[in-house]
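These notes are about the structure you will find just below.
The values are calculated or read from the model by the stated rules, or taken from the named source; none is laboratory data. For clarity, every value in this text was computed on a predicted model and none was experimentally measured. Cβ: placed from backbone, ideal geometry, glycine included. Neighbour counts: every protein chain shown.
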Amino acid sequence: MSDPDDAPGSDDGGNPAPDTEGDDSDPDSNPDPDDSWQGRADRALGRLVDASAVERILISVAALVLSVVVGAVVILVSGWAATCQSAFFSAPGLGSFCYDPVSVYRTMAAGAVWPPYNLAISLKETTLLLFTGLSVAVAFRAGMFNIGTQGQLVLGALGTALAVVWAAPFVPAGIVGALVLVPLGLLAGAVVGGAWGAIPGALKAYADANEVITTIMLNFVATGIAFTLVAEVFKDPESQTVQTRSIPEFAQLNPVYFDSTVFSLYALFGGLAMAGIIYWLLNGTAFGYDLRTSGLQPEAAEYGGVDSKRTMVSSMGLSGALGGIGGAVYVLMVASRWRTGIPSLGFDGITVSILAGNNPLGVIPAALLFGALKTGSLAIEFQLSVPNQLVGVLRGLIILFVAMPEFFRMVGRRFRFREDRPVATDGGGGSSADGVSGSATDGPSGTIDNEGGDRQ
């Protein structure tokens, strides 16, 4: 008879031995956290955050192509539902299609650059959006959400108009007067816009007021103040419209190569130079480093000797000054006076900044794309029998698809779906593989990147 202690599956004490075969834990009973939807979402956001410049460009191009494809489907469906006398395509059983997607997009692309007048309009929009896009980008890079660029632009435009009209009688006409009045107008717009932008910055720094709410509210306050001042005090007596007197012709930014337009190459070159200056300021100076640090990690900034409250005010003041310069350019180049109905360039600047990933240099192509879309959309309305509502949808699709990757990069730098990520003890934000770490170069949150901006 065999010894029970030697029986298979028994331990030395005769008890059944635990079955170790197939002892792998059931994934359903003990799931891997990284396989959850939160983990997959975090990894996807991390890949966007860590994408190289080339990858980001390729993503934007792919998004642009996809937006055109989706827009073409929308055009076909809209044309199928519409009624028209001559359809571009008909098929038995399907019906008639009134709108040709190829013709629509061809007209949009060609209408943005031809004839030369259209090109001038595209560049005019680009120039104005350069300043408002930079305004929003500066605030975002400092961790602040400046939704009040429109109000800063409106008051900056008013300050420019009043300053130039007031100083015009004291300077000689011609080139000498232009050399005095144009810088004076730009300075007045920057000072007024900067002062108005510093208000929500101070409220955020010293009263912990949410800058999104305060800047939105101050937009309405700025519009009301400007309208009341012009209507009651500075109104042009020879006009029934609420507007100031016109600035002298020699103080205006006149066109160089594009006659009979409201676009000046001087303003465009100034906007391009300003983008380069802001990029250097944010990434190559101690002030830029302090600006980003105080917005992203105010406690760490104060520990390092940075006055985070003062820097918050400074960043919003700089953002407002750029918005005010945008208003000054609008008066000096486009309107030649302050008047009601100023376009919503400040709100468009938010979209431009998101398209650019809050990079001052990226604002240049983003503003150009936005300006071209505006002019191309007008060309579609004039040349094709396509409803302007459909044109707006097509333009919105392009902006939405191109902006979303950069928007999710901003989200990935600031938020995570899982809260159990390991935190580095040296002040880092986690491993780059998880997409937790990030620099402050592109969004309003993340760890501080020291490249070119170490505080001395």
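Selection of region 378-396 for residues being out of contact with any Ser or Thr (no Cβ under 8 Å at 6 or more places or on another chain) and under 15 Å from Asn118 (Cβ atoms) yields Leu378, Glu381, Phe382.
Only one entry in Val212, Val313 is modelled with pLDDT under 95, farther than 23 Å from Ser344 by Cβ and within 26 Å of the chain's Cα centre (by Cα), namely Val313. The residue pairs whose first member lies in region 82-93 and is of a type in the set (Val, Ile, Thr), whose second member is surrounded by 10 or more Cβ atoms within 10 Å (Cβ to Cβ) and not in a loop (DSSP other than H, G, I, E, B), and whose beta carbons are closer than 9 Å, counting only pairs six or more residues apart or on different chains, are Thr83/Ser96. The set of residues from region 215-228 being hydroxyl-bearing (Ser, Thr, Tyr) and within 19 Å of the chain's Cα centre (by Cα) comprises just one member, Thr215. With respect to the conditions (1) modelled with pLDDT of 85 or more; (2) under 30 Å from Trp80 (Cβ atoms); (3) over 13 Å from the mean Cα position of the chain (by Cα), Leu400 falls short on a single one, namely (3).
Conditions tested, residue by residue: (1) within 21 Å of the chain's Cα centre (by Cα); (2) within 25 Å of Lys374 (Cα to Cα).
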position	(1), (2)
Val70	no, yes
Phe89	no, no
Arg141	yes, no
Thr149	yes, yes
Thr160	no, no
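Each residue in region 78-104 was checked for being under 19 Å from Leu394 (Cβ atoms) and among the small types (Gly, Ala, Ser), and 5 pass. Only residues that are surrounded by 15 or more Cβ atoms within 10 Å (Cβ to Cβ) and within 18 Å of Gln389 (Cα to Cα): list them for region 71-93, please. The answer is Gly71, Ala72, Val74, Ile75, Leu76, Ser78, Gly79, Trp80, Ala82.
Modelled with pLDDT under 95 and over 12 Å from Val138 (Cα atoms), is that true of Gly327? Taking the combined requirement at face value, the residue does not satisfy it. What is the number of the single condition among (1) within 31 Å of the chain's Cα centre (by Cα); (2) at pLDDT 80 or above that Gln38 does not meet? With respect to (1) within 31 Å of the chain's Cα centre (by Cα); (2) at pLDDT 80 or above, Gln38 is out only on (2). Residues that are part of a loop (DSSP other than H, G, I, E, B), surrounded by fewer than 11 Cβ atoms within 10 Å (Cβ to Cβ) and not charged (D, E, K, R) within region 233-244 comprise Pro237, Gln240, listed in sequence order. Inspection of region 179-201 finds no residue satisfying the criterion of being surrounded by fewer than 16 Cβ atoms within 10 Å (Cβ to Cβ) and on the phi > 0 side of the Ramachandran plot.
For every residue, the table says whether it meets (1) touching a strand residue (DSSP E or B) at 6+ places or on another chain (Cβ under 6 Å); (2) among the polar types (S, T, N, Q); (3) assigned to a helix (DSSP H, G or I).
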residue	(1), (2), (3)
Asn118	no, yes, yes
Leu123	no, no, yes
Met144	no, no, no
Gly156	no, no, yes
Val164	no, no, yes
Leu181	no, no, yes
Ala198	no, no, yes
Ala231	no, no, yes
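Residue pairs whose Cβ atoms lie under 7 Å apart, sitting 6 or more positions apart in sequence or on different chains, and linking a residue in region 385-410 that is without any contact (Cβ under 8 Å) to a residue 12 or more places away in the chain to a partner that is acidic (Asp, Glu) and surrounded by 15 or more Cβ atoms within 10 Å (Cβ to Cβ), are Asn388/Glu381. The single residue among Ile247, Ile277 that is assigned to a helix (DSSP H, G or I) and of a type in the set (Val, Ile, Thr) turns out to be Ile277. Among residues of region 43-61 that are among the hydroxyl-bearing types (Ser, Thr, Tyr), those with a Cβ under 6 angstrom from a residue that is surrounded by 13 or more Cβ atoms within 10 Å (Cβ to Cβ) and part of a helix (DSSP H, G or I), sequence gap 6+ or separate chain, pair up as Ser60/Val402.
Confirm whether Leu155 is at pLDDT 95 or above, closer than 13 Å to Leu332 by Cα, among the aliphatic types (A, V, I, L, M) and surrounded by 15 or more Cβ atoms within 10 Å (Cβ to Cβ). No; evaluated as a whole, the condition is false for this residue.
Residues to consider are Gly133, Gly79; find the one that is more than 30 Å from Leu253 (Cβ to Cβ), part of a helix (DSSP H, G or I) and either in contact (Cβ under 8 Å) with a residue 12 or more places away in the chain or touching a Gly at 6+ places or on another chain (Cβ under 7 Å) (or both).
Gly79
Looking at region 94-118 only, could you name the residues that are touching a residue at least 24 places away in the same chain (Cβ under 8 Å), surrounded by fewer than 18 Cβ atoms within 10 Å (Cβ to Cβ) and within 28 Å of Leu265 (Cβ to Cβ)? Those that are touching a residue at least 24 places away in the same chain (Cβ under 8 Å), surrounded by fewer than 18 Cβ atoms within 10 Å (Cβ to Cβ) and within 28 Å of Leu265 (Cβ to Cβ): Ala109, Ala110, Val113, Pro116, Tyr117.
For (1) under 22 Å from Val68 (Cα atoms); (2) of a type in the set (Gly, Ala, Ser); (3) in contact with a His (Cβ under 6 Å, 6 or more places away or on another chain), each residue gets a yes or a no:
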residue: Ala110; (1), (2), (3): yes, yes, no
residue: Val113; (1), (2), (3): yes, no, no
residue: Pro116; (1), (2), (3): no, no, no
residue: Val136; (1), (2), (3): no, no, no
residue: Ala139; (1), (2), (3): no, yes, no
residue: Met144; (1), (2), (3): no, no, no
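For (1) crowded, with 23+ Cβ neighbours inside 10 Å; (2) in contact with a Phe, Trp or Tyr (Cβ under 8 Å, 6 or more places away or on another chain), each residue gets a yes or a no:
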{"residue": "Val329", "(1), (2)": "yes, yes"}
{"residue": "Gly341", "(1), (2)": "no, no"}
{"residue": "Leu361", "(1), (2)": "no, yes"}
{"residue": "Lys374", "(1), (2)": "no, no"}
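Is one or more of the residues making up region 406-426 among the aromatic types (Phe, Trp, Tyr), at pLDDT 90 or above and either assigned to a helix (DSSP H, G or I) or touching a Ser or Thr at 6+ places or on another chain (Cβ under 8 Å) (or both)? Checked region 406-426: no residue is among the aromatic types (Phe, Trp, Tyr), at pLDDT 90 or above and either assigned to a helix (DSSP H, G or I) or touching a Ser or Thr at 6+ places or on another chain (Cβ under 8 Å) (or both). Reported count of residues in region 260-310, each being of a type in the set (A, V, I, L, M) and within 22 Å of the chain's Cα centre (by Cα), is 12.
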